[in-house]
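Quick notes on the structure that follows.
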């Protein structure tokens, strides 16, 4: 959940845009509007289908998405406070300042 967090996703997009000197075009705006989509597809949607006896329930899914966002903000802020860096991915991991800046802009 941490790698798919909104803050890390924003930081990754910002890093990519800065590295390649790209403008914030339609692609980036669409990606910013769909933050957390991977978590929703991989975690929330299967969970909702399981508790809804295999059926799709958009209302229940919407409720759990808001719960997921709250939990995700908590996990991201907790990770930033503890400074726990047990899993390091040198190439893909954004700088701590970028994560904090992205998290503050998202929150």
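Quick notes
- Qualifying residue in the range 75-98 (condition: surrounded by 12 or more Cβ atoms within 10 Å (Cβ to Cβ), within 11 Å of the chain's Cα centre (by Cα), at pLDDT below 95 and not in a loop (DSSP other than H, G, I, E, B)): yes
- Summed over the range 2-48, the residues that are surrounded by fewer than 15 Cβ atoms within 10 Å (Cβ to Cβ) and on the phi > 0 side of the Ramachandran plot give a count of 1.
The values are calculated or read from the model by the stated rules, or taken from the named source; none is laboratory data. This structure is a prediction, so every number in the text was calculated from the model and none was measured. Every residue, glycine as well, gets a Cβ built from its backbone with ideal geometry; the counts of neighbours run over all protein chains shown.
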